[in-house]
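Here's the structure, in structure tokens; my notes come after.
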Amino acid sequence: MDQPLPQLDRLFDYLIPEDMAAQVKPGCRVRVRFGRRKVSGFVIAVKPSTDFTGKLLWISDLVSPEPVVTAEVAALARAVADRYAGTLTDVLRLAVPERRVRVEAENRSEPLPVAAPIDGDWKRYIAGEAFLRALRETKSPKAVWNALAGEDWPARLAEAAAATASAGRGAVLVVPDQADLDRLDAALEAILGPDRHVTLSAQLGPTKRYRSFLKAARGEVRIVAGTRAAAFAPVADLGLVAIWDDGDESHVDRHAPYPHAREVVLTRANLSGAACLVGGYGRTPQAQLLVETEWAVSMVASRDEIRSATPRIVPVGDESDLERDPSGGTARLPTVAWEAARAALAKHQPVLVQVPRRGYVPAVSCQRCRTRAACPNCSGPLRLLGARRAPVCGWCGVVAEDFRCAECGGTRVRAIVIGAERTAEELAQAFPDTQVVESTGVNRLDAAPQGAAVVVATPGVEPPAQGGYGAVLLLDTWALLTRAELTASEEALRRWMNAVALARHDGTAVVVADGGLAVVQALIRWDPAWFALQELEDRSELGFPPVMRFAALTGPNGEAEKLAADLPADLGAEAIGPIPVDEHTERLLLRVRRRDGAALASTLAKATAERAGSKAEPVRIQIDPREIA
């Protein structure tokens, strides 16, 4: 039922009226009376009897006879809700799109056959051909795949889906965002042919999304590609679930119970017995754990293949000596990076420059004492929006015309981080006869200009270039590496590899960072599995995810501690905190052994239901929050 209250997170029995008996089927939408009002819900199962001893009510209305929740998806939604201490209703709300009546009235079509693809470039990977062969033979292999630099990963995923569909089974492919989905959509169309797959994402709009959803639910297509909600797509005879770039934060849903698409995919593979592919240029410790526990095999290329595909990657020392006043000159690039860019432009090849932040100068400090510049009005961080402009507060928007440092009384500021806008301005001065463009989350480019051009991009929105970039420059790397997060190094490597992968195999990538750092060595050697294993071992010693399971409890001061105090002692939950979020809110972390993760989630779900029933202050629960995991 459409009742997100945790104390009502269970199935309820209702009688089916005789005039609806032929149409009420598992998965259809109905309305029932609950208390004093009518609510919507899904029929999960139809049984000849019930063990409920009280008085049963009748189903009030049949909203739609269209079955939109299959038995497999219902079991998956229940498992995801249990893993994340959530409710079945919340998960089904993520899984099933809003109904569109006109779409349900459209004619149905039979699924078109899919021919088995050739192995293509899968032969470049150890066990790659065997993986595709197993899919064609209706087996269920499981692999963690690290793509080569320059790899056409959408084509590889499309080939895996085609191999699965050629054997009469379905496939679900999950990618981080719409840009990735557009590339995968084009690859599927090219390899499968028209009308053999659908895409699912919020950007399609309600009508198109529901149409694609129904095509999958009705069995008109066997292959579904989409963003995180597509992990729940109702594909019959599921043979393959795959996720690309599982470290991308876009895979984490922003709505309760905050599931990660990777965990949904892994859970679905276990429940349905389907093959599973976790792919990316980088590798997360979570993916490495799948290999270490022998749940999946590691699918990587040989060192010869890696060397032939990877551009020359050059580290350039510590960039602290490159810092300068924001009013200074244009010599921001170290000599090696400048020469690499100039050589690529001379060959009429584009150059990609990755900077960690958008804007002009998003963070400034006092020129004299280096203290972070703060707003005199609200103490928020100051930033610069353009050349010769006074600092502006990033919180309240007040212009600090007469800035004075609270520590030393200084009146001048210097850049801490230089944004994409300022970087583009400097590069336009350094290369006056070259087109310089920006690609940021606000204004994303679909593709790089052809020929000699400089593209300044923030991580995650780097546009591909036809034939690849002649040079890739990774600037301000310290801004990624010094973040106060557990995943800082892992995330930095993922973002760098995604950018370097866009370079030509004979191009040059310059990373402005100390070449002795393990994360930089992993980039130079194109060996994310080695780095992921190091991260996993370090986290095992320190007791961090994924070897330990965490839960974050956020609520009014004192409430999270009350909830944690009621947990059974044999659970062995270690409390960390509480940490103040603001004046009225705190956050408490709970840590348990990985094998006790399910028990922790179950206990927290029961405690939440009891608190809701007693009208206690709500406490938000997040299992494996990204801030930790």
Contacts under 8 angstrom Cβ, first residue in the range 338-350 being without any contact (Cβ under 8 Å) to a residue 60 or more places away in the chain, partner open to solvent by 50 Å² or more (accessible area, probe 1.4 Å) and not in a helix (DSSP H, G or I), 6 or more apart: none
Checking the structure you have, find out if any residue of the range 530-551 is farther than 30 Å from Gly572 by Cβ, of a type outside the set (Asp, Glu) and modelled with pLDDT of 95 or more. yes
Here is a list: Asp253, Asp177, Asp245. Which entry is touching a residue at least 24 places away in the same chain (Cβ under 8 Å), of a type in the set (Asp, Glu) and closer than 27 Å to Pro67 by Cα? Asp253
Ala569 fails exactly one of the following numbered conditions: (1) at pLDDT 90 or above; (2) open to solvent by 40 Å² or more (accessible area, probe 1.4 Å). What is the number of that condition? (1)
All but one of (1) more than 23 Å from Pro26 (Cα to Cα); (2) open to solvent by 30 Å² or more (accessible area, probe 1.4 Å); (3) not hydrophobic (A, V, I, L, M, F, W, C) hold for Asp245; which doesn't? (2)
Among the residues of the range 379-404, what is the count of those that are among the hydrophobic types (A, V, I, L, M, F, W, C), exposed (fewer than 14 other Cβ atoms within 10 Å of the Cβ) and in contact (Cβ under 8 Å) with a residue 24 or more places away in the chain? 1
If I ask for residues that are open to solvent by less than 10 Å² (accessible area, probe 1.4 Å), not in a helix (DSSP H, G or I) and not aliphatic (A, V, I, L, M), which ones from the range 422-457 would you list? Ser439
What are the residue pairs meeting all of these: first residue in the range 21-49, first residue polar (S, T, N, Q), second residue surrounded by 15 or more Cβ atoms within 10 Å (Cβ to Cβ) and assigned to a loop (DSSP other than H, G, I, E, B), Cβ atoms under 9 Å, and 6 or more apart or on different chains? Gln23/Pro65; Ser40/Met1
Do any residues in the range 545-566 that are among the basic types (Lys, Arg) have Cβ atoms under 8 Å from those of residues that are assigned to a strand (DSSP E or B) and open to solvent by 20 Å² or more (accessible area, probe 1.4 Å), where the two are at least six apart or on different chains, and which pairs are they? Arg549/Arg591; Arg549/Arg593
From the set of residues in the range 28-55 that are of a type in the set (Gly, Ala, Ser) and within 36 Å of the chain's Cα centre (by Cα), which is least open to solvent (accessible area, probe 1.4 Å)? Gly41
Please enumerate the residues belonging to the range 51-84 that are under 27 Å from Ala609 (Cα atoms), of a type in the set (Val, Ile, Thr) and in a strand (DSSP E or B). Ile59
Of the residues Ala374, Ala452, only one is in contact (Cβ under 8 Å) with a residue 60 or more places away in the chain and under 33 Å from the mean Cα position of the chain (by Cα); which? Ala452
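The values are calculated or read from the model by the stated rules, or taken from the named source; none is laboratory data. Here the structure is a predicted model, which is why all the values come from computation and not from measurement. Neighbour counts run over all protein chains shown; Cβ positions are idealised from the backbone, glycine included. Remember, those area values only see protein heavy atoms, side chains included, never the ligands or the DNA or RNA. Shrake-Rupley method; radii C 1.70, N 1.55, O 1.52, S 1.80 Å.
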